[in-house]
Structures are given as structure tokens and as C-alpha cells.
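Peer 1: Quick one: structure below, then a few questions.
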Amino acid sequence: MNSLVIAIDGPAASGKGTLGRRIAATLGYAHLDTGGLYRAVALSTLRAGGDPGDAEAAAATARALSADAIGTLLADPGLRDDATGVGASKVAAVPAVRQALLEFQRAFAARPPGGAKGAVLDGRDIGTVICPDAPAKLFVTADVETRARRRFEELLGRGIPAIYAAVLEDMKDRDARDSQRAVAPLKPADDAFLLNTSALNANQAFDAAMTFIRSKPAFAGV
Ligand code: DC
């Protein structure tokens, strides 16, 4: 891998996406929210009238997606819909879907778009499966109540009616699906920096992450 890669993994609503975007903007690196890729497969399957729970249909969709088609889907407002998120967690459990998306992710990491010197990828298996040689790996987490509270407030902020207890149950279900699935389950890489953001605001989490990244020889002076 010839670019500088920062791998960020963690559960839903841990703040890894916000953190990843900010780190990438600060360093002038490209950023890839890899959850968006699983959402893109789910959305594309749904739009074609298929069922994201059908492993064959999801795998066929994933194999047929070109890099251009992925780019278009990542910008689609439907990507953030609840139905897309539920479908994404189903397609993400299908090994053939993960395999089909592997090359896209590795190519992004090795040759970041726009000629950027490095890339920040966030997801569930970046440090363990996609970029195991990344010179900086972070595992961002927060307790489930904190994450549910953040997601609840985000939904209300977007004008979407929500019930905290239901958001909390949903978060627990997603945690279980993400960490108990057979392929690429959510878990920290052995050499990941564990960043628990339960008691940190966004600035504090960012400062802790940058201190860790700058402590790595590959990123000295960034
Ligand atoms: O982070 P998100 O909600 O956008 O992720 C959507 C789904 O994709 C979620 O169920 C976890 C899964 N996912 C994954 O399996 N591997 C990744 N690298 C990123 C996301």
C-alpha cells in the first residue's frame, strides 16, 4: 500500500464518521464511509425490486456495481433511509457481498481519489480485514446508552419523530448483528488505539485521535 491509511472502526453512532471526516479534512486525505457501500448495495437491490435479505440477489447486485455506480449511490438521499440501513445490515452479513466490495475499498486506500497522499476509511472491519497494514488504526466506541442518545437527538434534529427507548433497542440489535456475524464481525484490531468517546465531546475526541496518529512514525510531522 503506497498511500498513508488511517483505519477507523467502531459500532453504530460511535462518532467514527464525524471523526473520520474531520481527520481527513485536516490532513487533506480522502475519506470513505464504508458503511455507505453496504447501504448502496441494499438501496440498489431495493430499487431493482429485490429483497436485501436474499443473499443471492444482494451478491449479484454487489458484483454488478461499477465504481461510477457506487459513486452515484453514495450521493443518493435514499442512502440514509431506515429501510436502507436495515437492508445494509443484512447484505453486510453475506460473504459474497463483502468480497465484491473488498477491491473497491482497497483501491480507494491504495490510490485515493484526487491524488490525495492518504485516505481515512471508517467502518467495522477496516483495521482487521480491509487494511490490516494501515499504519494508524483507531477503534472508536461509546456505551450503548450514549450512542442511542446521540442518534435520538440527531433524528429529532432532522425533524424525524423518534422514541428514545425504541432507538436504544434498535442500537442493541444492531450491535448484536454487527459483532456476532460469522464474517468480519466488529472487533478491534490488536494494534488499534481504543478511543471511548462516552465522556468526550467532538473536539476532545478529535484531539485524542490526532495525538495518537501523530505518535505513529508514518505520520510524523502531519
Ligand atoms: O455505519 P452504517 O450504519 O452506515 O453501516 C451500515 C451497515 O453496514 C451496518 O449494518 C454495518 C455494516 N458495515 C459493515 O459490515 N462493514 C463495514 N466496513 C461498514 C459497515
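The values are calculated or read from the model by the stated rules, or taken from the named source; none is laboratory data. Note that the structure is a prediction, hence the values are computed from the model and not measured. FYI the Cβ positions are ideal-geometry reconstructions off the backbone, even for glycines, and counts take in every protein chain you see. The protein model used for the area step is the full one, side chains on, heavy atoms only, and it has no ligands, DNA or RNA in it. Shrake-Rupley method; radii C 1.70, N 1.55, O 1.52, S 1.80 Å.
Peer 1: Could you please give the count of residues in the stretch 202-222 that are under 19 Å from ASP122 (Cβ atoms) and not in a helix (DSSP H, G or I)?
Peer 2: Residues meeting the conditions: 2.
Peer 1: Of all residues being more than 16 Å from ILE23 (Cα to Cα) and among the charged types (D, E, K, R) in the stretch 185-218, which is modelled with the lowest pLDDT? Just the residue, please.
Peer 2: Only one residue tops the list, namely LYS187.
Peer 1: Here is a follow-up. Specify the residue that is farthest from the ligand (Cβ to nearest atom); the eligible residues are those in the stretch 82-91 that are in contact (Cβ under 8 Å) with a residue 24 or more places away in the chain and not β-branched (Val, Ile, Thr).
Peer 2: By that ranking, first place goes to ALA83.
Peer 1: If you go through the stretch 28-58, how many residues are surrounded by 20 or more Cβ atoms within 10 Å (Cβ to Cβ) and not small (Gly, Ala, Ser)?
Peer 2: Within the stretch 28-58, residues that are surrounded by 20 or more Cβ atoms within 10 Å (Cβ to Cβ) and not small (Gly, Ala, Ser) number 11.
Peer 1: Could you list, in sequence order, all residues of the stretch 92-128 that are near the ligand (Cβ under 8 Å from one of its atoms) and out of contact with any strand residue (DSSP E or B) (no Cβ under 9 Å at 6 or more places or on another chain)?
Peer 2: ALA92, ALA93, ARG98
This table checks each residue for (1) more than 10 Å from the chain's Cα centre (by Cα); (2) within 11 Å of the ligand (Cβ to nearest atom); (3) open to solvent by 10 Å² or more (accessible area, probe 1.4 Å).
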residue	(1), (2), (3)
VAL5	yes, no, no
ILE8	no, yes, no
ILE23	yes, no, no
THR26	yes, no, yes
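Peer 1: Please determine whether any residue of the stretch 131-138 is under 15 Å from the mean Cα position of the chain (by Cα) and of a type outside the set (A, V, I, L, M).
Peer 2: Yes, the stretch 131-138 contains a residue that is under 15 Å from the mean Cα position of the chain (by Cα) and of a type outside the set (A, V, I, L, M).
Peer 1: Of the residues LEU65, LEU74, which is open to solvent by 10 Å² or more (accessible area, probe 1.4 Å), within 13 Å of the ligand (Cβ to nearest atom) and without any contact (Cβ under 8 Å) to a residue 60 or more places away in the chain?
Peer 2: LEU74
Peer 1: Could you please find all residues in the stretch 118-146 being more than 16 Å from GLY20 (Cβ to Cβ) and of a type outside the set (A, V, I, L, M, F, W, C)?
Peer 2: THR128, PRO132, ASP133, ASP143, GLU145, THR146
Peer 1: Next question, about the same structure. How about the stretch 129-176: which of its residues are among the basic types (Lys, Arg) and either in contact with a Leu (Cβ under 7 Å, 6 or more places away or on another chain) or within 14 Å of the ligand (Cβ to nearest atom) (or both)?
Peer 2: Residues satisfying the conditions are LYS137, ARG147, ARG150, ARG151, LYS172, ARG174.
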